[in-house]
Every structure is written in structure tokens, then in C-alpha cells.
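Notes to accompany the following structure.
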Amino acid sequence: MKVIKPQRLGLLSRVFEYRGHFYFTVSILVFFPFESPSFLLPEVKLWQLLPKELGKDAVFDAAMPKPNPEVLVTGRAYPPGGELKPAVAVRVKLGSMDKKLYVMGDRFWQFGGPSAPIPFTEMPITFERAFGGPGYAFNPIGKGHVKLKDEFGREFHPLPNIENPANLIKSPGDKPKPAGFGAYDIMWPQRFSKFGTYDQKWLKEEFPGFAEDTDLSLFNTAPEDQWIKGEIAGDEPFQVENMHPERSVQSSRLPGVRGVCFIRQKTKEGEIFREIGTRIDTVHLLPHLQRGVVIFRGTTTVREDDAADILTLLIAAEEMTAAPKSADHYKAVMEARLDKEKGALLSLKDSDLLPPQRPPEVPLADEHGSDMDELVATENLLEKNLRNKIDKEVVKVREELKAMGLNPEDHIPKTPEPEPLPSLDNLVEYVESLNPIIEQAKKISAEAVADAKANLKATCEKAGLDYEKTLKKAEKSGGGPPKFSAKKEMEEIRLAREHMKASGIEIPEDKNVPPDDEIERRLIAAEQQLMDAYRRFAHFYPEAEVPEGEAAAMLRDEVIAAHRGGVSLANRDLTGVNLSNLDLTGIDLQGALLEGANFEGTNLAGANLAGAVLARANFTKAHLEGAALLGANLGRAILKEAQLTGGIDMTGATLMYADMSDASFQGAKLDRVDMFEAVFKGASFREIQGTMLNFIQSDLSGVSFANAHVLKCNFVETTLDNVDFTGATLTQSVFVTSKGTGMKFRGANAGNLRVVKESAFPGADFLGAFLDGSNLRGTNLEGADFSGAGMSNADFSECNMRGAKLYRAKAISSLFIRTDLSGAYAVSVNMMQAILQKAKLFGAVFQGANLFRADLARSEGDKNTSFEDAVVRQVRFVNPRKGSEA
């Protein structure tokens, strides 16, 4: 089920079975401040607040429909003015409810009656403070029912702190009903007595649903004197007395909105879009925080016992005083949010699903960052810093112009004002508004390039030059290593000064100009930054120019001579060098600049290429056994049929866009290697060590990962036909929307594997594989072989496992909910305590299987389904049943 909701509405949902029908209940939570009730607060704020107020294990709402609207209050008593007082009366009034409680300090029985209350400034109004205690079923957690012992073993008999003014305790034998504003526990008689009759008739006809005679007011949790007569409209005023530390009287109103719910549901006739009507059945106030929650509830019948027939759920809120929005409006919103391209951005747009959210009249002191716009807004520190720098430069230039007798206004353009950031509601429109600008920029750029090429061609024709050769040289002119030299720049500065001095030009002193050593330091730092950027991103730069003719021959000879003489070439600029078909065993090229170099057919075994720039280099059929390539940049390199074996270390290397067709990386260490959009056809990754590798939109057909250790790797939208993971370790790896036939996972260690989002591995071989704790929910595994596999505590729910083999597999406590196991061969499988609810078992063979305490509720089979000699003790089975459609 996909959920569409605004950030400022909470959502709970639940399915229950009652009197032969399945019911789906939607609960819309509206969180509001007393100060400005129409300003709805983000759902996240509610869930942050509730554990602190109710306790981390408390149930805020059971998400069940309540026949009677009710008011719940979580809070504390505060004597007016914050003074110490022995007692105070608290009161809550909303609609037909007008309830008062007396709150008193700690007391105990003594001779002559109750002791004087101990003055207090704050007292929690909870059932722990109301009458009750051990042995008193109506409130076993209270106080006053029995005597207690203090830390010294002395007995004392406490009285409750909270009492009903109409039923005050007068003697130790009085047993009044517990007084409070909170929810009764479901196990207390006030609610438990409504559970109904659970007998053999229920077991036979209604299990596992509620008994036919269940009184659904069981889910009304508040005391009956907090039930509202009639309905709660949604804009009622309410008043609270003495439940806030500073405001002895709080007056406000409910938010004045109506809850809206639409669903997209699958029926026998097809998909339908329809509304679920809602009503307010709960108002929960937290007066000491000046916050409240209104809960709209809607219930409808569904066909499936987990509401799987509801495909999409949408909730919204509208102003009560405004005309309701049409169903077509919400259908359009739903369709737009389901759009794959724009849906993610639209999910941030609340205005389609909420009334206009005007800023609160009174600032909400404790709601810093409550607005989702503020939560995602950036501080734009970069822009601010740049603007500050520009402003300083402008001031400086203005002063210089004034000193020259010029008017700065005539020469300095006004700094443009920064564009305001788009709000979340306007984000989609803002992004779309940029598209024409981007397209226009592309058009202008394309036209400019075309004009430049035309001019160059005309110039070449006039000069008698080869246009194609000239164009190629021009395109490469911006490529290669950075030309900037700190040493050269400093030399030019010194020469300029000497020239000015020789010419008799006096150089004025400027305190803002740093000394030479500082200038040199900055220039060296700039040079290093440029070089670091090139080393990392050379494959994104324009292609470097390759030396030709005599220059190429001289560079090749220089490298050969250095290698023969054992001379290191570390960090040398050898861009475009042709070193093809040579024996360069053990050569030291650490950190060398080798973009576009040609190593085709060369032996580089044991070479040190760590940190080298090898972007666009040609390693076709090269041998790099045992070489070091840590951190090397091989972006766009050609590695066809190359041998990168012998434990080669490529940790942190870049292989973006590289062509590795038929290359062998057997035994290589490839931790954190970037292989974005690389070509892998026929490559071998047998026995590699690779952590956190990302294969995104890659075609890995025919690639072998046999006995490889690929931990925490991601395979996203990959093609995996005939990929071999035999004996591989795939722990915590993830496959997303990846598909392949003929895949092998035989004997693989794939614990905690994740295969999600329409992935398909039909016919895959998992023979003897370890898959404990894995999640393959929804994956197509038709005809896959899991014989002897360990697959306990795993999730195979909603998988297509038709014809799969599970012979002697171990699937203890695994999930097969709604899994299609038709024709599966599950002889001797161990599915002890597995859950196969609503599974399809037509023609499946479970001969000799262990199904002890397995849950087969509402699973379906036929006469060919076999449980011969299977262990079926304590198996849970419920006949398939379909609910009705609304």
C-alpha cells in the first residue's frame, strides 16, 4: 500500500475481522496548538512528544473505531499562581462533557481520619494517583486500597491524590471508582467485560476475528463521563482549568478542519477510486503543553485480511467553512504523486492536501523548526560568504575611485539582490521553471559551438590546414595536467617588479598586499589544489593531447632507459606516452601522470602505479599481475582482456566508464572502487575482495564472482544473466530492481541479503547457500533451487516461487506470506514456526517436512498438495475467507 499524506497530518491504520467481514480503519491525526488551533503542527513533532508524556511503551491510540466520541486528557494539576497548595480543583469542558476532579497532596489515614494534604505545586493526573492498588481490579496500579510499608518497614495507609467531587472517600472501607481523565487499561473490567465470548463456536466459525458478541465500545478508552453525546463537529470551544503552570484558565477551540480519505482499491471488476467517510471519535488534550490532537476515523470493508486490495491511501484535511474539494481533485493529486519523475518532489507539497497554513497569531515558543520549510532550508553560507567578499571588494574599489576623483556610481554596477529560495510547495514549479532556461542555455551553447566550428573550418580552408586535425587539437588544448606553476608565477612577479624598478617606477606600499613568502605559499597551495582535482577527476576533463612523431619516440625511449637503469619515474608527467608491447616489470610509476598512455600488450607485473593518473589509458591485453593501483584513476581506461590478478591492490581506485570486457581481476582487492557505468562484459571477478562496491545500471552478464568477498555492495538496476556467485560472500549486499536468468549462488554466504523492488532471479541456483536473515520479498524466484539452503528468519513473502526446490532446506521462522509455492518440491524442508499465511500451495509437496507450529492460516492448496509424513503438530490453519467489497 502506497501512502500519500501531508507532513502535517499523522496516520494510523489497522485491519480487523468482525462478524464475517474484514474492516480497514484509517485514523487521521491532527496535532494543533491551543494558541492558534487552525495552524496544524507537523506529525513528527507529535511522535517526538508522546513518549515523553505517555511513556515509551504506552499506546497512544489503538487505531480502532470508537462507537462513542470521547475526550482524553493527559496532564497535571497546578495550583493558581504557582503557589504551594494542599488541594486544587481541575476542570475540562468540551461539548457535552463538563468534568471536575479534586486533586490533593499526599495523605494517609490516621486516627481520626485523613491526614492534612501535603502542599504541592504540581501533581500528575494519572491512575497511579487515583483510588486503587493491588487486589482492586478496576485500577490495580492506584493507591488507597491496601496498606503499604515505608522504607523502615512501617505500615501506612495512603489515600488517593485524585478524587471525584461527587464521590469523595469518607472512610478506609470506601471503594470508589478511580477518578481521572486518562485511558483505562484494556485488561481492566471497565473494558475487558466487553470482549465477548470466545468458545468452541467462535473457534470454529469466527477465529481469528473478534467474537460476534464483542461490544466495540471496548475501544472507547476514556471513562464514560468523558464520552460526548452526539458527534464532535471539529470547531467546538473548550476550556481547561488549573492544568497549566501559568494559565489557570485555558480557553481555545478545536482546529475547525474535516478529515478526508480516499483509496485506490483493487476489486474483481478492476481498480476503483473511492472515498472513506470519516468522523471525529477522539480528542486528546495535553493542557500543560498547550497542545491537542483530534483523531478522525474512517472504516470500510476490504476483501483481504491485511487490506492488500488497497493499493493507495490518501489522507487530507479541509477547512470546515470551505466548500469540500472534489473527488477529481484528490484523484489528480494521487496520480501526480505516483508519477515516477515528479512524485518525489510533489510529496513535499502540502498545499494540495491541507487548508492554507497561515503563520500563528502568537509565536509558538517551543516550535523552533516546526515548519517543514524551515527544516529543509539551508543557511546558504556559501552565497553569504561570497556576497560578503564582494561587498568588501566593492567598498575598496569605491574608495580607490573616489581618490582618483571619479564618481563610483558611474562605474560600479549595483549588486543584484539574492533570489528568494522556493518554498516546498513551490519546489516543483521552481524546478519546472528552470527547464526552459536550461534548454535555452543548451541551444545557445550548441549554436555557439556550431558557429565556432564553422569559423574554424573557414579559417583552415583559407590557410590550407587540415580542419579535422586542427579541430581535434583544439578540443584537446584544454585537457591534460594543469599548466599553472607557482614557481613560474612568482618568477613573473619578481621580473615585473625588477622591470618597474629599472624603469624608475616607484612601487607604492600597500598594507593589504601580503609579503612574498605568503603569496608564494598561497600560489603553491593553489597549484596543489589544481593538481589534486586533476588526479581525482581527469576522466571528466577534456581529453589530453598525445605527443606525436619525434616527441613521442623520445618520451618512450626515456621511460625505457629509466626502467633499465632502475630509475624511479614517480610523479613524472608522461601524459600520452606510448609504452605498448614492452616488458616494464616492477617499474615505479607511483603518482605519475599517464592520461591517455598506451600500455597495450605491455607486461606491468609488480609495477607501482599507486595514485597514478591513468584516465583514458589503453591496457588492452596488458599484464598487471601483483601491481599496486591504490587510489589510481583509471576512469575511461580500456582494460579489454587485461590481467589484473595476483592479489593486485586497487583500493579506492576509480574505474568510472572503464571498459573491462573479458578482463580478469581474480584475487584483486577492490574495496571502495568506483565503477559507475563501467563495461563488464565477460569480466572475471573471481575471489576478489570488495567492500561497498556500487554497480549502478550495469550489465554484468556472464561475469563471475565465484568465491568473491563482496560485502555491503549495491547492485542497482543491473542485468545479471548467467552471473556466477558460487561460493561468494555477499553479506549485507543489496540488489535493487536487478534481473537475471541462469544465476548461480551455490554455496554462497549471503546472510542479511536484500533483494527488493521488482528484482527477478528465475531459475537461480541457491543450492546449499546461506540466506539467514535475508529479505527477498516480492522477488521472482520461479523454478529456483534452494535445496539444502539455510534460509531461516528470512522474508520470502509475496515471492513467485512456483516450481521452486526446497529439498532439505532450513527455513525456520521465515516468512512466506502470500508466497506462490504452487508445484514447489519441499520434501524434508524444515519450516518450523514459519509463517505461510495466504500462501498458494497448489500441487506443492511437503512430504516429510517439519511444519511444527507453522502458521498456514488462509493458505490454499488442492488435492495434489501433499503433507505425507510431515510434522504438522500445532500447525495453525484457518480456512481461506474473502471479505466483502464496499
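Computed from the coordinates by the stated procedures, all read-outs in this text should not be read as laboratory data. Bear in mind that the values here come from a model prediction, so they are computed numbers and not experimental data. FYI the Cβ positions are ideal-geometry reconstructions off the backbone, even for glycines, and counts take in every protein chain you see.
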Given axes a ≥ b ≥ c from the Cα gyration tensor, I'd like to know whether the chain is rounded (a/c under 1.5), prolate (a/b larger than b/c) or oblate.
oblate
Specify whether the C-alpha gyration tensor of region 593-670 places it in the rounded, prolate or oblate class, a ≥ b ≥ c being the square roots of the eigenvalues: rounded for a/c under 1.5, otherwise prolate if a/b is larger than b/c and oblate if not.
rounded
Amide H of THR282 versus every other amide H placed in the peptide plane: which residues, excluding those fewer than 5 positions away on the same chain, fall under 5 Å?
GLU70, ILE295
Backbone HN-Hα couplings from phi across region 667-682 [Karplus 6.51/-1.76/1.60, Hz, Gly and Pro as x]
x, 6, 9, 10, 4, 6, 7, 8, 10, 4, 6, 7, 9, 10, 3, x
Using only Cα atoms, locate the centre of region 662-682 and the centre of region 52-109, then give the distance between them in Å, rounded to an integer.
65 Å
Phi-based couplings in Hz for region 816-824 (Karplus 6.51, -1.76, 1.60; Gly and Pro marked x)
10, 6, 6, 7, 8, 10, 4, x, 5
At 222 nm, what helix-only mean residue ellipticity would the chain give, in deg cm²/dmol to the nearest 500, using -39500 (n - 2.57) for each DSSP H run of four or more?
-6000 deg cm²/dmol
So what's Rg/Rh here for region 1-82, counting alpha carbon atoms and using the Kirkwood radius for Rh?
1.03
Additional length obtainable on full extension of the chain from PHE108 to ARG564, 0.36 nm per residue less Cα span:
154.1 nm
Once both label points are put 7 Å beyond Cα along the C-beta direction, the THR719-LYS681 separation in nm becomes 0.9 nm
With Cβ to Cβ distances under 12 Å as the rule, what net charge do the other residues near MET490 carry (K, R +1; D, E -1)?
-2
Quick one: ASP517, ASP588, fewest Cβ neighbours within 10 Å first, how do they rank?
ASP517, ASP588
Of the peptides 762-773, 536-547, how do they stack up when ordered by the mean number of other Cβ atoms within 10 Å, highest first?
762-773, 536-547
GLU498-ALA58 FRET efficiency (beta carbon distance; Förster radius 60 Å; 0.05 resolution)
0.15
Gained length - ASP328 relative to ARG19, 0.36 nm times residue gap less alpha-carbon distance
107.8 nm
Under a 5 Å amide H to amide H cut-off, with H placed in plane at 1.01 Å, what residues pair with ILE4 once short-range neighbours are removed?
LEU313, LEU314, ILE315
Could you give the distance between the Cα centres of region 849-865 and region 524-538, to the whole Å?
65 Å
Classify region 730-778 as rounded, prolate or oblate, taking a ≥ b ≥ c as the square roots of the eigenvalues of its Cα gyration tensor: rounded when a/c is under 1.5, otherwise prolate if a/b is larger than b/c and oblate if not.
oblate
Please work out the FRET efficiency for the pair GLU491 and GLU518, using the Cβ-Cβ distance as r and a Förster radius of 25 Å; give the result to the nearest 0.05.
0.90
Distance in nm between GLN528 and LYS147 label points, each 7 Å along Cα→Cβ, equals 8.2 nm
Could you compute the FRET efficiency for ARG873 and ASP306, with r as their C-beta to C-beta distance and R0 at 30 Å, rounded to 0.05?
0.70
Treating only the Cβ of Lys, Arg, Asp and Glu as charged (+1, +1, -1, -1), what charge dipole size does the chain show about its Cα centre? Round to the nearest 20 debye.
2640 debye
Estimated distance in nm for a label pair at GLN48 and ILE186, the labels positioned 7 Å out from Cα along Cα-to-Cβ
3.0 nm
Order of CYS713, CYS799 from fewest to most other C-beta atoms within 10 Å?
CYS713, CYS799
For region 781-795, Karplus-derived ³J(HN,Hα) couplings (6.51, -1.76, 1.60; θ = phi - 60°; whole Hz; x for glycine and proline) come out as 10, 4, x, 5, 10, 10, 4, x, 7, x, 9, 7, 6, 10, 10
Taking 142-149, 265-272 and ranking on average Cβ neighbours within 10 Å, highest first, one gets 142-149, 265-272
When the charge dipole of region 692-886 is computed with +1 at the Cβ of Lys and Arg and -1 at the Cβ of Asp and Glu, the Cα pointing farthest to the positive end, of PRO762, ASN694, SER814, is that of SER814
Sorting ASP573, ASP724, ASP649, ASP174 on the 10 Å Cβ count, fewest up front, what's the list?
ASP174, ASP573, ASP649, ASP724
